[in-house]
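The values are calculated or read from the model by the stated rules, or taken from the named source; none is laboratory data. All of these numbers come straight from a predicted model, not from anything done at the bench. All Cβ positions, even for glycine, are placed from backbone atoms using ideal geometry, and neighbour counts span all protein chains on display.
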Amino acid sequence: MNTVTLVELINNLLPDKKILEDVSCAFNSELEKGGFSNLACEEVPPKNTPIEVITKRFIMNNYETGFGNHYVSKVAIGGVERHRNGVVIPKYFFATLYYTEDLRLITVDFEDESE
């Protein structure tokens, strides 16, 4: 299996549309609760702010771990403001979505920094 086939497989299993729907739901829920005070962003993003998928990956663990084998996607809340020297800077902050091996959403973490 070549790299193109793996990329196509991950894109087919975990399409951007699903990621964007899941993060939008979590984002709107946090907004309604008055969330994001734990983040360093100076302004609260508006409800219809753009969200851009940055990465998708599958993590295979050879040993038992909390999430076991799982998928992870990183998105930029507010879209990508800058991209320089391989570093992506979101307009507001990042969200990381974790999915089970069978693509059920585990959690969404909103965070200031990329990994």
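General observations
- Among the conditions (1) within 23 Å of TYR92 (Cβ to Cβ); (2) surrounded by 12 or more Cβ atoms within 10 Å (Cβ to Cβ); (3) at pLDDT 95 or above, VAL44 misses just one, which is (3).
- Answer residue from segment 16-33, given it is surrounded by 15 or more Cβ atoms within 10 Å (Cβ to Cβ) and under 13 Å from SER73 (Cα atoms) and is farthest from the chain's Cα centre (by Cα) among those: LYS18
- Taking strands (runs of 3 or more DSSP E) as the structural unit, those lying wholly within segment 76-115 and holding at least 1 residues that are exposed (fewer than 11 other Cβ atoms within 10 Å of the Cβ) correspond to 80-84, 87-90, 105-111.
- Annotation: of all residues in segment 59-75 being surrounded by 11 or more Cβ atoms within 10 Å (Cβ to Cβ) and of a type in the set (Ser, Thr, Tyr), the one that is farthest from the chain's Cα centre (by Cα) is TYR71.
- Residues in segment 57-115 that are under 28 Å from VAL44 (Cβ atoms) and among the aromatic types (Phe, Trp, Tyr): 6 in all.
- Residues satisfying the stated conditions in segment 24-75, i.e. assigned to a strand (DSSP E or B) and either over 16 Å from LEU103 (Cα atoms) or without any contact (Cβ under 8 Å) to a residue 40 or more places away in the chain (or both): ILE51, GLU52, VAL53, ILE54, THR55, ILE59, HIS70, VAL72, VAL75
- No other residue among GLY79, GLY34 is farther than 29 Å from LEU6 by Cβ and among the small types (Gly, Ala, Ser) apart from GLY34.
- Some residue of segment 6-15 being farther than 15 Å from GLU101 by Cβ, more than 16 Å from the chain's Cα centre (by Cα), without any contact (Cβ under 8 Å) to a residue 24 or more places away in the chain and not in a helix (DSSP H, G or I): no
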